[in-house]
């Protein structure tokens, strides 16, 4: 799972004032401190503006999957404006992640139903037919797994966000069932399942 954004390109623009190295470094440091795993930041634009006694900071994040997140705030100090804007951005990124996870939840009618079945050990095959003692079934732990309708990319992203060993889903694009799992080398693999 990604815990930090891998050096997004940060552009700092200042209006109605000259930019100082400390402002530029502070903006870079604050954008780099956003450690959220989704959405992945591709580029960040920081626009700083001074109008009379108002110091306005605006941040626009261009993220993966065509997601754009922006926020702005104005205070009496530029550093304070940058801090408030970055905290707003972090909140909006968390909301985006929550919205995505809620959208991918399934309804109860879309879950896979399990029937009661008994599984016996191989030694049962040698059990005599006329015996009055019935063989004992083995204990198998059952789990219900919701059937999800996803794109392969969304399934891989959900696998990154969870600690599950695999994701079973119906591929929206190809209209077939698939299992995506993490291989021992860290890459992902997809298995097509017959319907």
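None of the figures in this text is laboratory data; all of them are computed from the coordinates on show. Remember, it's a predicted structure, so these values are computed and weren't measured experimentally. All Cβ positions, glycine included, derive from the backbone under ideal geometry; neighbour counts span all protein chains shown.
Here are the numbers:
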{"quantity": "Approximate spin-label separation residue 181-residue 13, in nm, with each point projected 7 Å along Cα-to-Cβ", "calculated": "4.9 nm"}
{"quantity": "Difference of contour (0.36 nm per residue) and Cα-Cα distance, residue 101 to residue 50", "calculated": "14.5 nm"}
{"quantity": "Mean Cβ neighbour count within 10 Å, used as a protection proxy, ranking 183-190, 27-34, 89-96, 57-64 highest first", "calculated": "57-64, 27-34, 89-96, 183-190"}
{"quantity": "Bins of 10 Å from zero: percent of alpha-carbon pairs in the stretch 9-103", "calculated": "17, 50, 25, 7, 1"}
